[in-house]
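Chemist: Mind looking over this structure? Questions follow.
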Amino acid sequence: MNLFRCLRMAACLGTLAGIGICAQEKPPAHDASAHGASGLKKELIEGITEADFLRMGEAPKTVKITLVAAYTPANYGMNFNGSFKGNATYTIPTGWTVEVTFINPSPVPHSVLVVEKEKTRKVQMGEPAFSGGSIPNPVQGMSLNKASFKFTAGEAGDYAFCCGFPTHALSGHWVALNVRDDAKVPTLKVGDAPPREAAK
Ligand SMILES: [Cu+2]
């Protein structure tokens with residue numbers, strides 16, 4: 001074996017150890033968007049903007065929240081409006097009415113219900129924390145469809161909007177919902193960005 005061939009082989013073995021392939025041809029670039037985007041019923045989310053994620057309602061002390069499952073490919077689609085594992089936080093003043101529109105444009109079943117935050121570590125969610133705070137059949141979930149519900153955030157505490165499809169919460173399919181006596185207006189905080197008030 002000549003030196004050149006020997007070096008080539010060493011380089012190849014290095015590649016093998018590093019990323020598990022030793023091929024002349026590179027695999028095609030990974031397109032993450034293909035996961036979440038496949039089979040999406042796009043018309044369900046047409047025209048939805050970030051302002052729709054949190055809006056003031058028509059009646060006093062009422063707020064409208066739109067939660068879109070699989071909004072981005074993030075966390076294999078197990079997200080609401082692209083957020084997951086509590087990396088978005090809704091804060092609602094105690095006693096306000098919350099009108100939720102849930103949309104799942106993907107063929108993979110998801111759902112949403114309001115639970116005490118600690119329940120996001122359970123396989124199944126049980127009953128919603130507030131009366132009415134769930135789509136129908138959250139364990140079964142739904143796909144390629146939308147549903148709405150409303151509830152009154154009657155007691156201050158740490159809650160979550162959580163997917164009730166078994167194991168999805170454990171996989172991070174939830175965002176935080178804080179109900180606060182000292183909150184004046186509903187806000188939404190996404191990631192490290194400062195909280196923003198509900199759109200009018
Ligand atoms: Cu889910």
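Chemist: Take the residues in region 92-108 that are crowded, with 19+ Cβ neighbours inside 10 Å and not hydrophobic (A, V, I, L, M, F, W, C); name whichever of them is farthest from the ligand (Cβ to nearest atom).
Modeler: Applying the filter and picking the extreme gives P105.
Chemist: Name the single residue, out of those in region 116-133 being in contact with a Cys (Cβ under 9 Å, 6 or more places away or on another chain) and buried (at least 23 other Cβ atoms within 10 Å of the Cβ), that is nearest to E197 (Cα to Cα).
Modeler: T120
Chemist: Taking region 147-175 as the search range and keeping residues that are within 16 Å of the ligand (Cβ to nearest atom) and assigned to a strand (DSSP E or B), which one is surrounded by the most Cβ atoms within 10 Å (Cβ to Cβ)?
Modeler: Residues of region 147-175 within 16 Å of the ligand (Cβ to nearest atom): 147, 160-175.
So of that shortlist, the ones also assigned to a strand (DSSP E or B) come out as 147, 160-162, 174-175.
Details: A147: 17, A160: 26, F161: 25, C162: 30, W174: 32, V175: 28.
Here the answer is W174.
Chemist: Here is a further query. Which members of region 133-146 meet the condition of being farther than 19 Å from P73 by Cβ and either of a type in the set (A, V, I, L, M) or near the ligand (Cβ under 9 Å from one of its atoms) (or both)? First the steps, then the outcome.
Modeler: First pass over region 133-146, keeping only residues farther than 19 Å from P73 by Cβ: 133-140, 142, 145-146.
Listed by number, the residues that qualify are I135, V139, M142.
Chemist: Further question on the same structure: Quick one: would you say L113 is within 15 Å of A153 (Cα to Cα), within 13 Å of the ligand (Cβ to nearest atom), surrounded by 18 or more Cβ atoms within 10 Å (Cβ to Cβ) and at pLDDT 95 or above? Write out each step before concluding.
Modeler: Values: within 15 Å of A153 (Cα to Cα): yes; within 13 Å of the ligand (Cβ to nearest atom): yes; surrounded by 18 or more Cβ atoms within 10 Å (Cβ to Cβ): yes; at pLDDT 95 or above: yes.
Against the criterion (within 15 Å of A153 (Cα to Cα), within 13 Å of the ligand (Cβ to nearest atom), surrounded by 18 or more Cβ atoms within 10 Å (Cβ to Cβ) and at pLDDT 95 or above), L113 qualifies.
Chemist: Moving on to the next point. Would you check if E127 is part of a loop (DSSP other than H, G, I, E, B) and closer than 30 Å to D182 by Cβ? Steps first, please.
Modeler: Details: part of a loop (DSSP other than H, G, I, E, B): yes; closer than 30 Å to D182 by Cβ: yes.
When the stated conditions are applied, E127 passes them.
Chemist: Filter region 176-190 down to the residues that are outside any strand (DSSP E or B) and either farther than 15 Å from A88 by Cα or in contact with a Lys or Arg (Cβ under 6 Å, 6 or more places away or on another chain) (or both) and list them by number. Give the derivation first.
Modeler: In the first step, residues of region 176-190 are kept if they are outside any strand (DSSP E or B); the result is 181-186.
Listed by number, the residues that qualify are D181, D182, A183, K184, V185.
Chemist: Which of (1) within 18 Å of the chain's Cα centre (by Cα); (2) within 16 Å of the ligand (Cβ to nearest atom); (3) without any contact (Cβ under 8 Å) to a residue 12 or more places away in the chain is the odd one out, the single condition A193 does not satisfy?
Modeler: (2) is the only condition that A193 fails.
Chemist: Given the criteria assigned to a strand (DSSP E or B), within 20 Å of A69 (Cα to Cα), in contact with a Gly (Cβ under 9 Å, 6 or more places away or on another chain) and at pLDDT 95 or above, does V139 qualify? So that I can check it myself, show each step before the final result.
Modeler: Values: assigned to a strand (DSSP E or B): no; within 20 Å of A69 (Cα to Cα): yes; in contact with a Gly (Cβ under 9 Å, 6 or more places away or on another chain): yes; at pLDDT 95 or above: yes.
No: the conditions fail for V139.
Chemist: Oh, and also: Which residue pairs have Cβ atoms under 6 Å apart, sit 6 or more places apart or on different chains, and have a first residue in region 118-134 that is in contact (Cβ under 8 Å) with a residue 40 or more places away in the chain and a second that is surrounded by fewer than 13 Cβ atoms within 10 Å (Cβ to Cβ) and part of a loop (DSSP other than H, G, I, E, B)?
Modeler: V123/T167
Chemist: Can you work out which of the residues in region 40-73 that are part of a helix (DSSP H, G or I) and of a type in the set (A, V, I, L, M) is surrounded by the fewest Cβ atoms within 10 Å (Cβ to Cβ)?
Modeler: Quick first cut of region 40-73, residues part of a helix (DSSP H, G or I) only: 42-45, 50-53.
Among the residues that remain, those that are also of a type in the set (A, V, I, L, M) are: 44-45, 51.
Details: L44: 15, I45: 17, A51: 12.
Here the answer is A51.
The values are calculated or read from the model by the stated rules, or taken from the named source; none is laboratory data. Quick caveat, the model's predicted, so the values are computed rather than measured. For neighbour counting, all protein chains shown are included, and Cβ atoms are generated from backbone atoms with ideal geometry for every residue, glycine included.
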